[in-house]
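What follows is one structure encoded as structure tokens, with my remarks underneath.
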Amino acid sequence: EDCENDETTALKAMADAFEDLSGLIKENGPHLDLTLKPFCHACSFVSVLFGFLGFAFKFAEMEYTSKVRNLEGASETYGTLNNILDFDVRNDSVKIQGSLSRNLRRVRQGLDLMRVLFQNFLSADDYSLRDAATSAYQNVCAPYHTWAIRTAAFAGMCTLPSKEQLVLNLNETYESTEKHMRRYIDASLPVIEYIDNLYIAREISLDW
Ligand code: 1PZ
């Protein structure tokens with residue numbers, strides 16, 4: 001245990017939450033019937049990180065948070081992620097804007113955006129946060145966003161802070177940032193794959 005551990009940071013809390021969630025998935029195997037409550041709890045830590053990325057990502061944070069809240073609000077009624085999918089399949093509303101299954105798909109894009117952004121962030125020292133975020137957005141979200149959103153998002157990338165400034169904002173050192181980002185990269189992937197499998201198991205394509 002190192003010294004920064006008695007002070008929880010937003011980045012550490014997010015990595016911790018996803019390690020808990022991926023631990024649950026690993027322990028229970030692919031047949032785990034994941035409940036919405038711990039899932040939404042972990043996802044809410046990612047909102048905080050969006051907030052740290054500055055002004056433009058404030059819009060992304062609001063958009064992502066509203067979808068996590070919607071899923072959170074459904075936890076009493078539906079209980080599990082599987083039940084959400086089953087409900088929307090029965091009602092033919094999987095891809096309808098605002099449906100729980102669509103919001104889950106969008107939250108999954110947010111988790112993946114953060115994962116790829118961190119991978120890019122750590123991939124090279126001379127790779128700016130702006131380039132890391134632009135490339136992550138290009139690959140993970142842009143194919144599924146409207147032209148207007150994509151244009152605003154690419155414009156917004158110019159407002160991102162430097163890597164050094166982000167590390168300062170996060171109240172981390174470069175070393176602790178790297179450690180927690182790697183933990184999130186590793187722990188979020190099984191969660192993302194678990195979500196994808198909910199759709200694949202019901203023969204729902206993932207091209208939207
Ligand atoms: C100098 C100019 C500054 C302008 C800054 C404006 C930045 C605008 C950023 C726009 C982010 C809003 C993203 C909204 C996306 C939604 O369209 C989708 C689809 O929602 P649906 O149709 O299903 O209701 N929502 C998502 O995909 C949720 C995931 C959000 C992750 C967004 C990341 C965008 C990051 C770009 C930030 C610059």
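The values are calculated or read from the model by the stated rules, or taken from the named source; none is laboratory data. This one's a predicted model, so the numbers in the text were calculated from it and none came from an experiment. Because the Cβ atoms are built from the backbone with ideal geometry, glycine has one as well, and the counts that use them run over all protein chains shown. Areas reflect the complete protein model, heavy atoms only, side chains present, ligands, DNA and RNA absent. Shrake-Rupley method; radii C 1.70, N 1.55, O 1.52, S 1.80 Å.
General remarks:
- Label sites at Asn91 and Trp208, each approximated as a point 7 angstrom past Cα along Cα to Cβ, lie 1.5 nm apart.
- With every protein chain in place, the chain: carbon and sulfur % of accessible area (1.4 Å): 53
- A helix-only calculation puts the chain at -23500 deg cm²/dmol for mean residue ellipticity at 222 nm, using -39500 (n - 2.57) for each DSSP H run of at least four residues, averaged over all residues.
- When you restrict to C-alpha pairs under 8 Å that are six or more residues apart and normalise by the size of the chain, the relative contact order lands at 29 percent.
- Extending 7 Å from Cα along the Cβ direction at Asn83 and again at Asn169 yields two label points whose distance is 3.8 nm.
- Partner lysines whose Cα lies under 30 Å from the Cα of Lys58, excluding those fewer than 8 positions away in the same chain, are identified as Lys12, Lys37, Lys67, Lys95, Lys163, Lys179.
- Per residue accessible area in Å² of the chain, where ligands, DNA and RNA are left out and the probe is 1.4 Å: 50
- With contacts taken as Cα pairs under 8 Å at a separation of at least 6 residues, the stretch 118-201 carries a relative contact order of 34 percent.
- Near Thr77: Cβ cut-off under 14 Å, other residues only, Lys/Arg at +1 and Asp/Glu at -1. The net charge is -3.
- At full extension, Ala142 and Ile25 could sit 39.3 nm farther apart than now, given 0.36 nm per residue minus the alpha carbon distance.
- When the charge dipole of the chain is built from unit charges on Cβ atoms (+1 for Lys and Arg, -1 for Asp and Glu) and taken about the Cα centre, the candidate among Leu85, Val68, His180 whose Cα reaches farthest toward its positive end is Leu85.
- Taken over the alpha carbons of the chain as equal point scatterers, the Debye sum produces base-10 log I(q)/I(0) values at 0.11, 0.14, 0.15, 0.16 Å⁻¹ of -0.51, -0.84, -0.96, -1.09.
- Model label sites at Phe154 and Val48, defined 7 Å from Cα along the beta-carbon direction, differ in position by 3.4 nm.
- Linear extension gain, Glu63 paired with Arg130, 0.36 nm per residue minus alpha-carbon span: 22.1 nm
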